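**Q** Take a look at the following structure, please.
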Amino acid sequence: MAANMKHLCLLVIVLVASAVSEVTEEKRNTTTTSKTTTTTTTSTTTTPATTTTTAPTTTTTTTTTTPVTTKTTTTTTTTTTAKPTTTPAPLDYWVVKDPKTGVKCILMQAKIDITYNNVNMTVPAANNGSKAFGSCGLPQWIMITFSGSNLMLIFNDTTEPGKHRLIGLSLNGTSLNISTTKFWANDKGLLSDKMYKCDAKQDLYKDGNNTIAVSGMKLEVFRNSNSTTFNSNIESCLPDSSKVNNLVPIIVGACLGGLILIVLIAYLIGRKRSRHGYEQV
């Protein structure tokens, strides 16, 4: 019986489902039939698009450039190159200078040969081992030192203005008598504005075998100049002047001899031509 009940329940369920299905189908058909087709006319209104042109905004940007002033401090370093110091060549003659005024009152150059007490000496030049100092007062003097020895010459005025003479001579502190040769006794004296020049060898002092001889002398005393250059105005000593005086007659005699020789040759040539003419005749 229970099985019959089960079958009956299933049958009822199937029937109910079938009924529901039919009802649903009818309802669909009814909805489709009664449905009114409505044609809706859609009015399309074209609204013209308003184009708004926005004027471009030009933004002018003014850039003000403020120049930056840079203060440049230029430090100029001046480098002074010291000029090479040119050392003047030492003089080969002696100079006496007044230490107060700077005046060079005596200039002297000479070859001095000394023979004294059987000792022979030659005074070196100023640039070769000898030195000199002295005084620019009155009298003026110069002392030349060399090899442990010294020679002093003293000058003073004469009775004639502007003329001066050697008045004193000493060797190693020993006063010597000045030789009375023409070199000093009979010349015109030493002039302030001229250079006394004497190439000849003369004796300043002579006593037996003791002698002091000078040659190639240039001498200026009582100068009033700061220059160390000898004066171009020259006063020659008597021996040098005598050489010049003796040379003049020799030159004149040679010229006359040459002229006589030329005349003699011309005479002989002329005579030969005359004789040749006579022979042709």
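**Q** Once ligands and nucleic acids are excluded and a 1.4 Å probe is used, how much of residue 152 is accessible, expressed in Å² to the nearest 10?
**A** 40
**Q** Return the carbon/sulfur percentage of the accessible area of segment 97-218, one whole number, probe 1.4 Å, all protein chains in place. Let's see the in-between values first.
**A** Numbers: 2880 of 6140 Å².
Solvent-exposed carbon and sulfur of segment 97-218 make up 47 percent of the total.
**Q** Something else: Would you calculate the separation in nanometres between label points at residue 224 and residue 167, each defined as 7 Å from the Cα along the Cα-to-beta-carbon direction?
**A** The two pseudo-label positions are separated by 2.0 nm.
**Q** Would you mind computing, in nm to one decimal, how far apart the modelled labels at residue 93 and residue 264 are, each placed 7 Å from Cα along Cα→Cβ?
**A** Calculated label separation equals 4.8 nm.
**Q** To continue, here is another question. Can you give the net charge of the other residues whose Cβ lies under 12 Å from the Cβ of residue 94, counting K and R as +1 and D and E as -1?
**A** On the way: positive: 97, 104, 131, 218; negative: 92, 220.
Result for the neighbourhood of residue 94: +2.
**Q** How much of residue 133 can a 1.4 Å solvent probe reach, expressed as accessible area in Å² and rounded to 10?
**A** 100
**Q** Next question, about the same structure. Sorted by average packing, counted as other Cβ atoms within 10 angstrom per residue and highest first, what order do 199-211, 253-265 take?
**A** Details: 199-211: 15.3, 253-265: 10.0.
Per-residue Cβ counts within 10 Å, averaged per peptide and sorted highest first, yield 199-211, 253-265.
**Q** Once R0 is set to 25 Å, what does the formula 1/(1 + (r/R0)^6) return for the Cβ-Cβ distance between residue 111 and residue 254, expressed as a FRET efficiency to the nearest 0.05? Don't jump to the answer; show the numbers that get you there.
**A** Details: r = 32 Å, r/R0 = 1.28.
Efficiency for this residue pair is about 0.20.
The values are calculated or read from the model by the stated rules, or taken from the named source; none is laboratory data. What you see is a predicted model; the values in this text were computed from it and never measured. Here the Cβ is made from the backbone with ideal geometry for all residues, glycine too, and neighbour counts use every protein chain on show. The area values use the complete protein model at the heavy-atom level, side chains included, leaving out ligands, DNA and RNA. Shrake-Rupley method; radii C 1.70, N 1.55, O 1.52, S 1.80 Å.
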